[in-house]
1. Condition test on ALA246, is it open to solvent by less than 30 Å² (accessible area, probe 1.4 Å) and either of a type in the set (Lys, Arg) or out of contact with any Ser or Thr (no Cβ under 9 Å at 6 or more places or on another chain) (or both)?
2. Please specify each residue of the range 210-260 satisfying the condition of being of a type in the set (Asp, Glu) and farther than 19 Å from VAL55 by Cα.
3. Hey, among ALA310, ALA284, which residue is within 30 Å of TRP265 (Cβ to Cβ), assigned to a helix (DSSP H, G or I) and out of contact with any helix residue (DSSP H, G or I) (no Cβ under 9 Å at 6 or more places or on another chain)?
4. Picking from GLY263, GLY278, GLY259, which residue would you name as being without any contact (Cβ under 8 Å) to a residue 24 or more places away in the chain and either farther than 19 Å from GLU80 by Cβ or touching a Ser or Thr at 6+ places or on another chain (Cβ under 8 Å) (or both)?
5. Any residue that is open to solvent by less than 10 Å² (accessible area, probe 1.4 Å), at pLDDT 95 or above and more than 12 Å from the chain's Cα centre (by Cα) - is there at least one of those in the range 70-84?
6. Somewhere in the range 47-68, is a residue in a loop (DSSP other than H, G, I, E, B), closer than 26 Å to VAL174 by Cα and either open to solvent by 10 Å² or more (accessible area, probe 1.4 Å) or modelled with pLDDT under 90 (or both)?
7. Return the residues of the range 12-46 that are touching a Ser or Thr at 6+ places or on another chain (Cβ under 8 Å), at pLDDT below 50 and open to solvent by less than 70 Å² (accessible area, probe 1.4 Å); say none if nothing qualifies.
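The values are calculated or read from the model by the stated rules, or taken from the named source; none is laboratory data. These figures come from a predicted structure and were not determined experimentally. Note: ideal-geometry Cβ built from the backbone for every residue, glycine included; neighbour counts use all protein chains shown. What goes into the accessible areas is simple: the full protein's heavy atoms, side chains included, and nothing from ligands, DNA or RNA. Shrake-Rupley method; radii C 1.70, N 1.55, O 1.52, S 1.80 Å.
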Amino acid sequence: MNSADNPGQAMSHPASQAGKPLQRPASAECRTLLADGRIATITASRRPRGGRADVKCVAPGAAAVAARMQQVVRLARHTEARFDSREQVVLSLDATPADGDRGWELAAVLADRMVRGLWQPPAAVVAACGWSDAWHQGTAITGDGSTVAALARALPDALIASGVAKEFTALPAVVAVPHLGVLSGHTDPCALVSSARAWFPLYSGGAHDTLAWVEVAVTPLPIEAQGTDEEETIAAPGLNVAAQLAVRQVLAAARHFDGRALGRWRTVVRFSETRFQGNSYELALVMADRLARGREFVPRGRLIATGCSAAWHTGRVDPVQELAAKLALIARQGRTGDRILLPEGNIAVNDADITSVAAAIREQGATVARIARIGMI
């Protein structure tokens, strides 16, 4: 039977094979084909973490590629049932991809899983071609059919994993990996993920003012992992260390207000724009999290919110700066069906400017609400 006909068998998890011990090699390699025709190798190795980062990536003369590789691997790990942070995995790419070349991403994910013993390939040589914009959900993996065929010609003895649909991988040594569940013989892990977006005004008084979004994706923690420190289960790739810490603290505190929301989720937070200052995005972040966890009713259109808090654990929503300008931005970019949340503490009874803009927004078919606390909307 060809592996392409039965990817679940070809890509089976070693732990699922009765009597077969879990193998954890000191290093693992996965090859890939770059856009310019070169074959590159991603090498992964393990060592005691010792206070270092969980994932370290190296690409010659390409810091942006190394940063993207680290982001891809960390996001893909969020689809794993168990997570062990006691070791550091170092991944190195021995050639530099061209700008926009992303076919190496699946190879990085596979090398990371091989070296940690989470996937034992049924071949000594492994190659991969594929990428995804949803690694945190382990799905939507795609690829290029011509690249797969070129890999098969260049590496006739290799097992080739690809995100290309099965009809494009009708070669004996090629298996389709449209989602990471294939590696363990399971269904698409995206079925376990709930995600939601909320928008917030990104205002600086310039030409780049816009409505940005924050997306929260949550996956239930397995029973044995419940009770883990809440902040350790929240990832915000793309943000600097200080911003990541702020996001984790906001969500952990807001979930504390929910009563029984702690210790239940693995969470990934993504922003459409990562270079911003201030904390007026916090209410949008909290609302996206509540939507993803089924704690709020989904609006007909977008949920747009601006607000912050010094005490999210009490559910309180505090005022933000420049609300009138931010509301005007919302009015310019709003749509019918949008649900707009504003801090009640910002709005005085006689604030004519805000009142008139809010009225104009309602005339566009959107709704506006002033809130003092979450959970009471």
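1. Taking the combined requirement at face value, the residue does not satisfy it.
2. GLU215, GLU224, ASP229, GLU230, ASP258
3. Numbers: ALA310 fails: assigned to a helix (DSSP H, G or I).
Only one candidate qualifies: ALA284.
4. Result: GLY259 is the single residue among GLY263, GLY278, GLY259 that is without any contact (Cβ under 8 Å) to a residue 24 or more places away in the chain and either farther than 19 Å from GLU80 by Cβ or touching a Ser or Thr at 6+ places or on another chain (Cβ under 8 Å) (or both).
5. The answer is no; no qualifying residue exists.
6. Taking the range 47-68 as the starting set, the residues that turn out to be in a loop (DSSP other than H, G, I, E, B) are 49-54, 59-62.
Right, trim to closer than 26 Å to VAL174 by Cα and you get none.
No, the range 47-68 has no match at all.
7. The answer is SER12, HIS13.
Here's the yes/no breakdown for (1) over 16 Å from ILE304 (Cβ atoms); (2) among the polar types (S, T, N, Q); (3) in contact (Cβ under 8 Å) with a residue 60 or more places away in the chain:
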residue	(1), (2), (3)
ALA324	no, no, no
LEU329	no, no, yes
GLN333	no, yes, yes
THR336	no, yes, no
PRO343	no, no, yes
ALA352	yes, no, no
THR355	yes, yes, no
ALA360	no, no, no
